[in-house]
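Enquirer: Mind having a look at this structure? Questions to follow.
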Amino acid sequence: MWALGLATAASRTTNPLLLGLLAGVAGYVVAVRRTDAPWARSYGAFVKLGLVVLGIRLVFAFVLGSPIPGTHTLVTLPELPLPDWAKGVRVGGRVTAEGMVFALYDGLKLAALLICVGAANALANPARLLKSLPGALYEVGVAVVVAMTFAPNLVADVQRLRAARRLRGRPDRGVKALLQVGMPVLEGALERSVALAAAMDARGYGRTAQVPPAVRRLTSMLTLGGLLGVCAGTYGLLGDSGGGYGLPLLLVGLVAALAGLWLGGRRSVRTRYRPESWGVRAWLVSGSGVAVAALMIAANGYAPGALHPSAVPLTAPVLPLWPALSLLVGLVPAVVAPVPVRAGGGAPTGRSGSAGSSGPSAVARASGSSASAGPSGSSASSAASARRSAPSPAPAPAPDPFTKEPTQ
C-alpha cells in the first residue's frame, strides 16, 4: 500500500525535482528497512532498469523526433525518407530542446514508477503477503507471489554465479560470460519450480470445497465487476478529467469486490497458520502511502503549474513547498516500521575474561576447587586459584594428511 501510494504520487507530476525527491524517499526507506532476504537485493536492479528506460526514451526522442513543437534547435540530423503509408513517423530531422526536455520529464516519471515497484519488491515479504490475502484469491495470490519472487531470485542467482566465476579466475562480464551464466540460472529456476510445485501439492494448494453453481456465478460477477469498477475508478482518479466519476465508481467497485471475495472465501478449504494481524505500525505505514497519494492529487488542484512544468516555452522547474512536504510523509515507514533482523546481527556475545568462562567447565572447576578447600583452608584455595590462572598447554599440532608428519 505504501509503494502503491508513492507510485500514484509519481503519476501525478512531471516535475523532475519532485520525482527525484520521491525516488530519494523510496531509496532511504529501502536502505534502512530492507532485510538480507534474496528479494531485498532487487531494488538496485529496478533502479538500473529505470535508468535504462530513461535512456531509451531520450534516444527515441532524439532519433525519431518528438511531437512537441520547439524553436530551440539543438542539432539537425539527416532525415530518412519513408513511404507514404508511414506518414506521421520520421527518422532524423530537427532535434529541439523542448522535445528533449519533454522526453526527459516523461522518462523520469516512468523511472520513478519503476523505483516504486522495486521498493515494493525489496520490502514486501512474499510469504506474509500470501498469508494476508483473502481466501478467495489464494490461487491468484500464489501466482502473483511466485511472479514477484522470480526477479529477486534471478538477480540473486546471477550474483552468486558471477561471484563464483570471479573466485575461479574466470571473466564475469561480457556476452560470453553472460551466456555461460545463463544456463546455470535457467537450471536453478527449473529446479526451484519443481520443488515449489511439490511443496504446494503437499500442502493442499488447489483443493476447493463444493459450492452451489448459483453462488459461484454470483461470486464471479461481483468479483469481476468490482475489480473492473476499481480499475475504472482508479483510472478516473489518476486522470486529469475523471475526478467527477472516479471516486464514486471506485467506492462501488470496492464494495462489489469485497462482497465477491467474501462469497468466494466459502469455497476455500485451507486454514491459516498464525494469520497476519494488522497492528498500529502496519496501519501507519499504509496510511502514509495513502496520505502521499491523496496530498499529491489535491496538489494538482491548487498548484498544477508547479507539478507539471511547461516544456513549451522552456521554463526552469521549481520545487513547490507543500507538495514536497507531502512527499516527505512517505518517510514514516523508516521510523515506525520494525527494524529488520540482519544476518549476524543477533544478540551480542559474552564478554572476554571472566564473563567468557561462565560455561559448564567453569562451573565444574569452581565446584572442584571448593571441594578441595578442606583443612588447609586458604592455602588450598590459593593453590586452586593458581592452577586456574596458569595458561593451558597448547594443543599438539595436527599431522599433515598427506605426509602423516606433525605440522610446524
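The values are calculated or read from the model by the stated rules, or taken from the named source; none is laboratory data. Small disclaimer: the values here were computed from a predicted structure and weren't measured. Virtual Cβ from ideal backbone geometry, glycine too; neighbours counted across all protein chains shown. Only protein heavy atoms, including side chains, enter the accessible area calculation; ligands, DNA and RNA are left aside. Shrake-Rupley method; radii C 1.70, N 1.55, O 1.52, S 1.80 Å.
Enquirer: Can you pull out every residue in the range 24-42 that is part of a helix (DSSP H, G or I) and open to solvent by less than 30 Å² (accessible area, probe 1.4 Å)?
Expert: Residues satisfying the conditions are VAL25, ALA26, GLY27, VAL29, VAL30, ALA40, SER42.
Enquirer: Give the range 302-314 a look and list any residue that's touching a Gly at 6+ places or on another chain (Cβ under 9 Å) and open to solvent by less than 70 Å² (accessible area, probe 1.4 Å), or say none.
Expert: ALA311
Enquirer: Continuing with this model, one more query. I'd like the residue in the range 202-230 that is part of a helix (DSSP H, G or I), open to solvent by less than 40 Å² (accessible area, probe 1.4 Å) and among the hydrophobic types (A, V, I, L, M, F, W, C) and, out of all such residues, is modelled with the lowest pLDDT.
Expert: That would be VAL215.
Enquirer: Here's another thing I want to ask about it. Scan the range 324-337 for residues that are outside any loop (DSSP other than H, G, I, E, B) and either in contact with a Lys or Arg (Cβ under 8 Å, 6 or more places away or on another chain) or under 23 Å from ALA103 (Cβ atoms) (or both) and jot them down.
Expert: PRO333, ALA334, VAL336
Enquirer: Also, quick follow-up: I need a count of the residues in the range 11-53 that are of a type outside the set (A, V, I, L, M) and farther than 21 Å from ASN153 by Cβ.
Expert: 10
Enquirer: Yes or no: ALA111 out of contact with any Pro (no Cβ under 8 Å at 6 or more places or on another chain), outside any strand (DSSP E or B) and at pLDDT 90 or above?
Expert: Judged against the criteria, ALA111 is a match.
Enquirer: LEU77 - would you say it is closer than 28 Å to VAL158 by Cα and aliphatic (A, V, I, L, M)?
Expert: Numbers: closer than 28 Å to VAL158 by Cα: no; aliphatic (A, V, I, L, M): yes.
In short, no.
Enquirer: Out of the residues in the range 231-258 meeting the condition of being open to solvent by less than 60 Å² (accessible area, probe 1.4 Å) and modelled with pLDDT of 85 or more, tell me which one is nearest to the chain's Cα centre (by Cα).
Expert: The residue in question is GLY253.
Enquirer: OK, next. When you go through (1) open to solvent by 40 Å² or more (accessible area, probe 1.4 Å); (2) modelled with pLDDT of 90 or more one by one for GLY88, which number turns out not to apply?
Expert: GLY88 satisfies all of (1) open to solvent by 40 Å² or more (accessible area, probe 1.4 Å); (2) modelled with pLDDT of 90 or more except (2).
Enquirer: Identify, please: which residue in the range 290-320 is in a loop (DSSP other than H, G, I, E, B) and β-branched (Val, Ile, Thr) and is, among those, modelled with the highest pLDDT?
Expert: VAL318
Enquirer: Right, here's the next one. Return the total of residues in the range 52-98 being aliphatic (A, V, I, L, M) and part of a helix (DSSP H, G or I).
Expert: Count: 11.
The rows are residues; the columns are (1) open to solvent by less than 40 Å² (accessible area, probe 1.4 Å); (2) modelled with pLDDT of 85 or more.
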residue	(1), (2)
LEU49	no, yes
ARG57	no, yes
ALA61	yes, yes
PRO69	no, no
VAL75	no, yes
ALA97	yes, yes
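Enquirer: Also, quick follow-up: So for the range 13-20 (the condition being outside any helix (DSSP H, G or I), in contact with a strand residue (DSSP E or B) (Cβ under 6 Å, 6 or more places away or on another chain) and either within 20 Å of PHE102 (Cα to Cα) or not aliphatic (A, V, I, L, M) (or both)), does at least one residue qualify?
Expert: No, the range 13-20 contains no residue that is outside any helix (DSSP H, G or I), in contact with a strand residue (DSSP E or B) (Cβ under 6 Å, 6 or more places away or on another chain) and either within 20 Å of PHE102 (Cα to Cα) or not aliphatic (A, V, I, L, M) (or both).
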